[in-house]
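Here's the structure, in structure tokens; my notes come after.
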Amino acid sequence: MDFGLQGKTALVTGGSSGLGMAICEELAKEGVNVVLQYRSKSKEESVLRFVEELNQKYSGTSMAVRGDLERSEDVHFIFDKAVENYKKLDILVNNAGIWPQAYVKDMTEKDFERTIKINLQSPFVLCKRMINHLIDDGRKGKIINIVSQAAFHGSTTGHAHYAASKGGLVTFTVSLAREVARNGINVNAVAPGIMRTPMITGGLSDEEINKRYMNRIPLGRIAEPEEVAYVVTYLASNKSDYITGATIDVTGGMLMR
Ligand SMILES: NC(=O)c1ccc[n+]([C@@H]2O[C@H](COP(=O)([O-])OP(=O)(O)OC[C@H]3O[C@@H](n4cnc5c(N)ncnc54)[C@H](OP(=O)(O)O)[C@@H]3O)[C@@H](O)[C@H]2O)c1
């Protein structure tokens, strides 16, 4: 199937790890130029190696931009850098996120605020920049926001701030989709359940992961990040032109609604 993505340009946040890396790879495979945002200085070497690999393997060109999405000036810097290099962006994937743990009785206001800033406010700013960029140029585009099953189900294990940030991002996605539909800009969300990424695995053995999550997942296994990235690629493509304001659940049945 031709996804019509050849020669398009995408900005993907959180491209240094887990799902973000898989999204960058799947988009690059389709001939997309990818601007990969990451945060950690310590990952610079591996990120640059990954970008180099994408450039060697696929027809598009990719580049990395470092910035902390908790800092407003960095958020603007990332978008400016992407436009400076490629002039025209077609796809924005708000993927970066944090998943801190604390029950509400112990949760600090600082942690709550930080979670909202990274998981909800930075996607808002990037969405705003992206729609103005597209509308000023009179071009169509695609925005995909990565949320979570927790947006609908709430948290069960001390992530109320995270669940609130993702719930906010779902309703923001719907509202923005209505605002910009007539401009030919599709805005959708993807809700993973549990994926095999550093966010979840962090030092746990396969056995511990199974014990913790398996009885909540009807398909009986956690997702590989690629399985979620395929859905993002579809939403970035011309095959999803009639979908907007939707959240696609990719949860192995963990979330059925
Ligand atoms: N894993 C799951 O089971 C699961 C389930 C539901 C939803 N999700 C969502 O899927 C998305 C990707 O998660 P993942 O599992 O791939 O997590 P991950 O492996 O921990 O990767 C998180 C990414 O976000 C970036 N990031 C974190 N804080 C940042 C900040 N302040 N500024 C800029 N970038 C920052 C990280 O950059 P550095 O590496 O450079 O620090 C990293 O690239 C997230 O939105 C997450 O909420 C994940």
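The values are calculated or read from the model by the stated rules, or taken from the named source; none is laboratory data. Values in this document were obtained by computation on a predicted structure and should not be read as measured data. Ideal geometry is used to build each Cβ from the backbone, glycine not excepted, and the neighbour counts take in all protein chains shown.
Give me the pairs, please: first residue somewhere in region 29-40 and in contact (Cβ under 8 Å) with a residue 12 or more places away in the chain, second residue anywhere and in a strand (DSSP E or B) and near the ligand (Cβ under 9 Å from one of its atoms), beta-carbon distance under 9 Å, and either six or more positions apart or on two chains.
Gln37/Arg66; Tyr38/Arg66; Arg39/Arg66; Ser40/Arg66
Restricting attention to region 128-152, report how many residues are crowded, with 17+ Cβ neighbours inside 10 Å, within 19 Å of the chain's Cα centre (by Cα) and not β-branched (Val, Ile, Thr).
10
Taking region 206-227, which residues are over 23 Å from Gly97 (Cα atoms) and part of a loop (DSSP other than H, G, I, E, B)?
Result: Pro218, Leu219, Gly220.
Right, Ser59: surrounded by fewer than 14 Cβ atoms within 10 Å (Cβ to Cβ), of a type in the set (Ser, Thr, Tyr), more than 13 Å from the ligand (Cβ to nearest atom) and touching a residue at least 24 places away in the same chain (Cβ under 8 Å) or not?
The answer is yes for Ser59.
Taking the options Gly252, Gly203, name whichever one is assigned to a loop (DSSP other than H, G, I, E, B), within 16 Å of the ligand (Cβ to nearest atom) and either within 19 Å of the chain's Cα centre (by Cα) or polar (S, T, N, Q) (or both).
Gly252
Can you list residue pairs whose Cβ atoms sit under 9 Å apart, with the first residue in region 97-122 being under 19 Å from Phe172 (Cα atoms) and within 10 Å of the ligand (Cβ to nearest atom) and the second being of a type in the set (A, V, I, L, M, F, W, C) and at pLDDT below 95? Count only pairs 6 or more apart in sequence or on different chains.
Listed pairs, sorted by first residue: Gly97/Met199; Ile98/Met199.
For region 111-199, which fully contained helices (runs of 4 or more DSSP H) count at least 3 residues that are closer than 23 Å to Asn215 by Cβ?
Here the list reads 150-153, 160-180.
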